[in-house]
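Worksheet: one structure, shown below.
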Amino acid sequence: MSGIISYFDEAKPPERTALEKRWGKTILSFEGWTAVPNAILHYQEELELSAMDLNVLMQVLTFWREKERYPFPSYRRIADRIGVSKKTVQRSIRKMQELGYISREPGYLHGRGTNVLVLDGLVQKLKTYANEEIDRRATDKHTYGFDPAGPR
């Protein structure tokens, strides 16, 4: 025995993930998937994000695959994906910068300048909202039927 575990040699196929069960392997393998906390959608109004801002943000999130490797999408590419002008995307990004959710840092890709979008402000704002909601729910533990003061 080589000590290497092969999941493909077993008679039972690997368990399908919840995403695969919902969407199917073809869709997920073709374009992938993006992890988006429900808090972004739940707090859209409090975050002062218009439908366009949310759409642009969702597009930006498709490029953020690792925590410390921030996305650097082309504004033109985002615009083409959602059928708006590059200027509309720039306005939306600028608004999210002014709100403190996104900061831009210069970056370079293939010798060309690019915008690296750092989303730490958005993450921090969502943590604040989540902690406030957990604290609010803790005062009414009976209504929710669970202890919301779990891990933060």
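Listed residues Val56, Val84, Val89, Val118; which is out of contact with any helix residue (DSSP H, G or I) (no Cβ under 9 Å at 6 or more places or on another chain) and surrounded by 12 or more Cβ atoms within 10 Å (Cβ to Cβ)? Show your work before the answer.
On the way: Val56 fails: out of contact with any helix residue (DSSP H, G or I) (no Cβ under 9 Å at 6 or more places or on another chain); Val84 fails: out of contact with any helix residue (DSSP H, G or I) (no Cβ under 9 Å at 6 or more places or on another chain); Val89 fails: out of contact with any helix residue (DSSP H, G or I) (no Cβ under 9 Å at 6 or more places or on another chain).
Only one candidate qualifies: Val118.
Within the stretch 66-81, which residues are surrounded by 12 or more Cβ atoms within 10 Å (Cβ to Cβ), in a loop (DSSP other than H, G, I, E, B) and under 16 Å from the mean Cα position of the chain (by Cα)?
Tyr70, Pro71, Phe72, Pro73
Considering only the stretch 90-107, I want to know if a residue exists there that is closer than 17 Å to Tyr129 by Cβ, in a helix (DSSP H, G or I), without any contact (Cβ under 8 Å) to a residue 60 or more places away in the chain and not polar (S, T, N, Q).
Yes.
Just checking, how many residues over the stretch 111-145 are in contact with a Lys or Arg (Cβ under 9 Å, 6 or more places away or on another chain) and at pLDDT below 70? Lay out the reasoning, then the answer.
From the stretch 111-145, those in contact with a Lys or Arg (Cβ under 9 Å, 6 or more places away or on another chain) are 115-118, 127, 130-131, 134, 143-144; that's our starting set.
Now narrow it down to the ones that are at pLDDT below 70: 143-144.
The qualifying residues number 2.
Suppose we keep only residues that are loosely packed, with under 10 Cβ neighbours inside 10 Å, at pLDDT 70 or above and of a type outside the set (A, V, I, L, M) within the stretch 4-41. Which one would you say is nearest to Leu126 (Cα to Cα)? Steps first, please.
So the first thing to find is which residues in the stretch 4-41 are loosely packed, with under 10 Cβ neighbours inside 10 Å, and the list is 4-15, 18, 26, 30-32, 35, 38.
From what is left, the residues that are at pLDDT 70 or above are 18, 26, 30-32, 35, 38.
Restricting the remaining residues to those that are of a type outside the set (A, V, I, L, M) gives 26, 30-32, 38.
Numbers: Thr26: 32, Phe30: 30, Glu31: 27, Gly32: 24, Asn38: 10 Å.
Across the stretch 4-41, the extreme among qualifying residues is Asn38.
The values are calculated or read from the model by the stated rules, or taken from the named source; none is laboratory data. On a predicted model such as this, the values are computed, not experimentally measured, just so you know. Here Cβ is always computed from backbone atoms with ideal geometry, including for glycine, and neighbour counts include all displayed protein chains.
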